[in-house]
Amino acid sequence: VQLQASGGGLVQPGGSLNLSCTVSGSFFRINVIGWYRQAPGKQRELVAAVTSGGSTNYGDSMSGRCTVSRERAKNTVDLQMNSLKPEDTAVYYCNLKVLCNSFWGQGTLVTVSS
């Protein structure tokens with residue numbers, strides 16, 4: 001299983017950014033793909049996740065400012081982030097949870113700065 005994250009970069013405060021995660025390989029059809037983030041000196045935290053059935057779960061960090069969506073046929077999960085703040089600066093990681101396993105992508109850096 002491999003997870004490829006893309007879409008990070010530099011954005012001004014108040015701006016928007018879309019992150020995309022593509023999962024490849026073979027894995028059980030019942031699973032959860034999510035986005036986590038880790039800022040310097042802080043613990044990794046959930047941003048948003050979506051199950052293979054389409055149910056979503058959002059963490060507190062960006063509640064109301066992001067939307068997670070999943071294209072089942074392509075095993076792609078997008079994270080649309082709006083009204084970004086400097087405190088949203090972090091490395092964003094894609095994660096797949098399936099059965100008792102957890103797989104991580106390499107992370108993509110999001111920097112919110114003027």
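Regarding the stretch 60-67, can at least one residue be identified that is basic (Lys, Arg), under 11 Å from the mean Cα position of the chain (by Cα) and surrounded by 11 or more Cβ atoms within 10 Å (Cβ to Cβ)? No: the stretch 60-67 contains no residue that is basic (Lys, Arg), under 11 Å from the mean Cα position of the chain (by Cα) and surrounded by 11 or more Cβ atoms within 10 Å (Cβ to Cβ). Kindly establish whether Leu96 is open to solvent by less than 40 Å² (accessible area, probe 1.4 Å), at pLDDT 95 or above and aliphatic (A, V, I, L, M). Criteria met by Leu96.
In contact with a Lys or Arg (Cβ under 6 Å, 6 or more places away or on another chain), exposed (fewer than 15 other Cβ atoms within 10 Å of the Cβ) and over 17 Å from Leu3 (Cβ atoms), is that true of Asn82? Here the answer is yes, as Asn82 does meet what is asked.
All of Asn57, Asn75, Asn101, Asn31 fail the test of being over 11 Å from the mean Cα position of the chain (by Cα), open to solvent by 70 Å² or more (accessible area, probe 1.4 Å) and either hydroxyl-bearing (Ser, Thr, Tyr) or closer than 20 Å to Gln2 by Cα (or both), apart from Asn101.
Set side by side, the residues Val112, Val91 differ, and just one is at pLDDT 95 or above and more than 16 Å from Ala48 (Cα to Cα), which is Val112. Going through (1) modelled with pLDDT under 95; (2) more than 20 Å from Asn101 (Cβ to Cβ); (3) among the basic types (Lys, Arg) one by one, Arg70 falls short only on (2).
The values are calculated or read from the model by the stated rules, or taken from the named source; none is laboratory data. It should be emphasised that the depicted structure is a prediction, and the values quoted were computed from it without experimental measurement. Here Cβ is always computed from backbone atoms with ideal geometry, including for glycine, and neighbour counts include all displayed protein chains. When the accessible area is computed, the model is the full protein with side chains, heavy atoms only, and any ligands, DNA or RNA have been set aside. Shrake-Rupley method; radii C 1.70, N 1.55, O 1.52, S 1.80 Å.
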